[in-house]
Amino acid sequence: MATIDGLPPLREVIRAHDLVAKKQLGQNFLLDLNLTAKIARMAGDLSACDVLEVGPGPGGLTRGLLAEGARRVLVVEKDPRCIPALEEIAATYPGRLEIVQGDALELDAAARLNGPIRVVSNLPYNVGTELLIRWLSPAVWPPFWTSLTLMFQKEVAERIVARPRTDHYGRLALLAQWRAEPKIVMHLPPEAFTPAPKVHSAVVHLTRLEAPRFPADAAVLSRVTAMAFNQRRKMLRSSLKGLGGNVEALLEGVGIVPTQRAEEIGLEQFCALARAVAAR
Ligand code: SAM
């Protein structure tokens, strides 16, 4: 059957290159090119953008991104077995696909790309959250990317978009919502992947804000939320004792009742608290 780009279907690519999935690399591949093209479209107009894709594997999403018109795609893949399959894609799209074999955690992707840059990836579960936290935590804002369109385990996706007073609410929600607008844009059942993982997945699209929603120092906000959520069931007057001084007065000064718990406090109040701590 014809594919979107005239290259062989992904099952054939996997067979030809003997790409038996490795669990330790988080390899759950998407083999339906209609689905990968749909995920690429979720990222928005790619024609005037460079795209960073982490973990292309046999290249299903890469092919979707290129077929949907991405100006240039930079892929970083840890597994050397996948490189020949990716080189075949590069030959079909001359000058538009750059392949790096290595660890995404060690790559300075921004230095290799021209803006505007979108990040689109079906992330390996073992490094997905760490990469997201890094992309959301640069010292200087705005970051190198304009949007992130990322596949996660459903539970991680829910933590990113969670609101106060819900089970999934915590530091990841605060970090993601402080300087970006995250939305779950697609749900996928385990059968969408080969091999099928044990859990459901979801695609989250995050659009960066040009400035933080509320002012705060990133390091102070991170410290305060770490303390508060490390003991999320405790009252803030006790979980934040490590801040020193009169914690109750500090909390009351920004409108927080000292007996409240971290999971009840919204982003605006955490930012106010971080500003009060910084001003002491
Ligand atoms: N994008 C492909 C797809 O959708 O079918 C594969 C996604 S699979 C969930 C994750 C991919 O990330 C695998 O190909 C794996 O080898 C790769 N990977 C795992 N750890 C990595 C790392 N630290 N840096 C770069 N790639 C990594």
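Read the figures in this text as sums done on the coordinates, not as results from a lab. The model shown is predicted, which means the values in this text are computed figures rather than measured ones. All Cβ positions, even for glycine, are placed from backbone atoms using ideal geometry, and neighbour counts span all protein chains on display.
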*asked:* I need Y125, Y169 ordered by Cβ neighbour count within 10 Å, fewest first.
replied: Y125, Y169
*So for W145, W135, fewest C-beta neighbours within 10 Å to most, what's the order?*
W135, W145
_Please state the shape class of the stretch 129-217: rounded when a/c is under 1.5, otherwise prolate if a/b exceeds b/c and oblate if not, all from the C-alpha gyration tensor._
prolate
*How much mean residue ellipticity at 222 nm does the chain get from its helices, if each DSSP H run of length 4 or more adds -39500 (n - 2.57) and you divide by all residues, to the nearest 500 deg cm²/dmol?*
-10500 deg cm²/dmol
_Size of charge dipole - the chain - debye, nearest 20, with Cβ of Lys, Arg +1 and Asp, Glu -1, no other charges_ = 900 debye
*Taking the Cα centre of the chain as the origin and placing charges on Cβ (Lys, Arg +1; Asp, Glu -1), which of P116, A219, G266 is farthest toward the positive end of the dipole?*
G266
*Describe numerically, in nm with one decimal, the distance between label points set 7 Å from Cα along Cα→Cβ at T166 and at T3.*
3.7 nm
_Report the Cα-based extents of the chain along its three principal axes, largest first, to the nearest Å._
68, 37, 27
*asked:* Shape verdict for the stretch 218-279, please, from the Cα gyration tensor: rounded (a/c under 1.5), prolate (a/b greater than b/c) or oblate.
replied: rounded
_Relative contact order %, the stretch 218-279, counting alpha carbon pairs below 8 Å whose residues are six or more apart_ = 40 percent
_If the only charges are +1 at each Lys and Arg Cβ and -1 at each Asp and Glu Cβ, what is the size of the charge dipole of the stretch 42-88 around the Cα centre, to the nearest 20 debye?_
40 debye
_Which lysines, if any, have their Cα less than 20 Å from the Cα of K183, not counting same-chain residues under 8 positions apart?_
K38, K154
*Taking R0 as 25 Å, what's the FRET efficiency between V20 and V199 from their Cβ-Cβ distance, rounded to 0.05?*
0.75
_I'd like to compare 228-237, 32-41, 265-274: which one has the highest average count of other Cβ atoms within 10 Å, and what's the full order after that?_
265-274, 32-41, 228-237
*asked:* For a quick check: sort V277, V51 by the number of other beta carbons within 10 angstrom, fewest at the front.
replied: V277, V51
_Need the full-extension length gain, E248 to A278, defined as separation in residues times 0.36 nm minus the C-alpha distance. One decimal, nm._
9.2 nm
